[in-house]
Amino acid sequence: MVRSVFDTVVGQHDTIEVLRGAAAAPTHAYLFLGPAGSTKHEAARAFAAVLLGGTEDATGRDGRLAMASEHPDIREIERVGASISAEQAREIVRLAALAPIESTRKVLILHEFHLVRPDAAAILLKTLEEPPASTTFVILAEFITAELITIASRCTRVEFHAIDTQQIADQLIMEGVDPDSALEAAEAAGGNLVRARVLASDPDLALRRRAFASAPNSLDGTGATVLRLSDELLGLTEAATAPLTARHRDEVSVVNERIAQFGERGSGAKALEERQKRETRRYRVDALRDGLAQMAATYRDAMVTQTMARPDAAAEAVSRIHEAIAALDRNPNEALLMQSLLWSLPPITGRA
């Protein structure tokens, strides 16, 4: 049986059918919209492979090179810095004007365009409205911002959704993860397959989740306990990045080999360094979110079992925890956030 390039796109059956139809009569620009880890990156490469090769065969030259991000007529643009800059936008316009190298078409895959700057969006707009006939844009974004609205209106929109927990677990099992670890990683991943794969290689995942879940049982109303628990939980959160760091080392090794063979120019080393920093930050914050969710679950269980002196105290605790989770989007001082939260929470047993 021939492997399809779309086999790497998990939990998006309806979207794959949309892409198959689109490949038969392509337009000039597509907006792939959905959360991180929904395999829209894999879908973009698969779609590009079909556009260039006319087939889904993952073992053919176009399929192999596209899925490895090595096809000469597929260019992937990653942001450098906090947002897509005007300088990057001008480079995209330049690349769009170039003729394909070996195909009749070329595809530009633009990552994380929910972070495009207004001046960059303005520079790209004319090219998107009047693109070269040989160029297809595939723009990836997690959501539509004000800066992205006009660009989005020039694109065919393709929706992706967070992947179902069981589908993630099934995928991990198929990749060789034992069922128990696969399910725990899937539950902690929040619909993000990329994160689930890293979590599946984290031997301390279960320990970390239990530590957060049991923290309310250790609270005793003293500052010393709050400081101790905060240090312990944040230490476990920081340690959670170890499997991701190992993956990053492998990526750096590949780039260093490329630099040794072809030189620094065009190696992507700077973009890789920036991406890895962002991934590490995001992964740590996601680990903290998951831990706090386990803590909230402990208080919800207390509401059901009525083990607290004041029934409304558990509901108040859940509300405070969710406020802390929301605050993580604002890049706060995590130590102060954790200490403040723990100080505000009642113990599970005794007087609230």
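Give me the residue from region 24-52 that is surrounded by fewer than 19 Cβ atoms within 10 Å (Cβ to Cβ) and free of Cβ contacts under 8 Å to residues at least 40 places away in the same chain and, out of that set, farthest from LEU172 (Cα to Cα).
In this case the residue turns out to be ALA25.
What's the total number of residues in region 193-222 that are surrounded by 19 or more Cβ atoms within 10 Å (Cβ to Cβ) and within 16 Å of ALA169 (Cα to Cα)?
Number satisfying all stated conditions: 9.
Where residues in region 157-192 are among the hydrophobic types (A, V, I, L, M, F, W, C) and under 10 Å from GLY11 (Cα atoms), which of them is surrounded by the fewest Cβ atoms within 10 Å (Cβ to Cβ)?
Among those residues, the one meeting the criterion is ALA162.
Any idea how many residues of region 1-43 are touching a helix residue (DSSP H, G or I) at 6+ places or on another chain (Cβ under 8 Å), assigned to a helix (DSSP H, G or I) and within 16 Å of PHE137 (Cα to Cα)?
Result for region 1-43: 5.
So if I check each of PRO118, PRO131, PRO100, which one is modelled with pLDDT of 90 or more and under 25 Å from MET67 (Cβ atoms)?
Step by step, each of PRO118, PRO131, PRO100 is checked, and only PRO100 is modelled with pLDDT of 90 or more and under 25 Å from MET67 (Cβ atoms).
How many residues are surrounded by 14 or more Cβ atoms within 10 Å (Cβ to Cβ) and over 30 Å from ALA169 (Cα atoms) when one looks only at region 223-232?
Here the count works out to 5.
How many of the residues making up region 303-335 are touching a residue at least 60 places away in the same chain (Cβ under 8 Å) and either closer than 18 Å to PRO346 by Cα or in a loop (DSSP other than H, G, I, E, B) (or both)?
The qualifying residues number 1.
Pull up region 217-256, narrow it to residues that are outside any helix (DSSP H, G or I) and either closer than 29 Å to SER201 by Cβ or without any contact (Cβ under 8 Å) to a residue 40 or more places away in the chain (or both), then point me to the one that is farthest from the chain's Cα centre (by Cα). Walk me through how you get there before you give the answer.
To start, the set of residues in region 217-256 that are outside any helix (DSSP H, G or I) comprises 219-222, 240-241.
Retained after the next criterion (residues that are either closer than 29 Å to SER201 by Cβ or without any contact (Cβ under 8 Å) to a residue 40 or more places away in the chain (or both)): 222, 240-241.
On the way: THR222: 38, ALA240: 16, THR241: 14 Å.
Out of the qualifying residues, it is THR222.
Condition first: in the same structural domain as GLU334 (by TED's automatic domain parsing) and closer than 18 Å to LEU341 by Cα. Can you find one or more residues in region 246-262 that meet it? Show your work before the answer.
Step one: filter region 246-262 for residues in the same structural domain as GLU334 (by TED's automatic domain parsing), giving 246-262.
Restricting the remaining residues to those that are closer than 18 Å to LEU341 by Cα gives none.
No, region 246-262 has no match at all.
With (1) within 28 Å of LEU336 (Cα to Cα); (2) free of Cβ contacts under 8 Å to residues at least 24 places away in the same chain; (3) not charged (D, E, K, R) as the list, and SER214 as the residue in question, which single condition is left unmet?
(2)
Answer with yes or no whether PHE32 is more than 23 Å from ALA121 (Cα to Cα) and among the aromatic types (Phe, Trp, Tyr).
no
ILE149 passes all but one of (1) outside the structural domain of VAL18 (by TED's automatic domain parsing); (2) hydrophobic (A, V, I, L, M, F, W, C); (3) surrounded by fewer than 17 Cβ atoms within 10 Å (Cβ to Cβ); which number fails?
The number of the failed condition is (1).
Among the helices (runs of 4 or more DSSP H) lying completely within region 98-183, list those that include at least 1 residues that are in contact (Cβ under 8 Å) with a residue 24 or more places away in the chain and touching an Asp or Glu at 6+ places or on another chain (Cβ under 8 Å).
118-129, 165-174
Any residue that is under 21 Å from PRO216 (Cα atoms), out of contact with any Gly (no Cβ under 8 Å at 6 or more places or on another chain) and surrounded by 13 or more Cβ atoms within 10 Å (Cβ to Cβ) - is there at least one of those in region 263-272?
Just the residues of region 263-272 that are under 21 Å from PRO216 (Cα atoms), to begin with: none.
No, every residue in region 263-272 fails to be under 21 Å from PRO216 (Cα atoms), out of contact with any Gly (no Cβ under 8 Å at 6 or more places or on another chain) and surrounded by 13 or more Cβ atoms within 10 Å (Cβ to Cβ).
The values are calculated or read from the model by the stated rules, or taken from the named source; none is laboratory data. These figures come from a predicted structure and were not determined experimentally. Cβ sites come from the backbone with ideal geometry, for glycine too, and all protein chains shown count toward neighbours.
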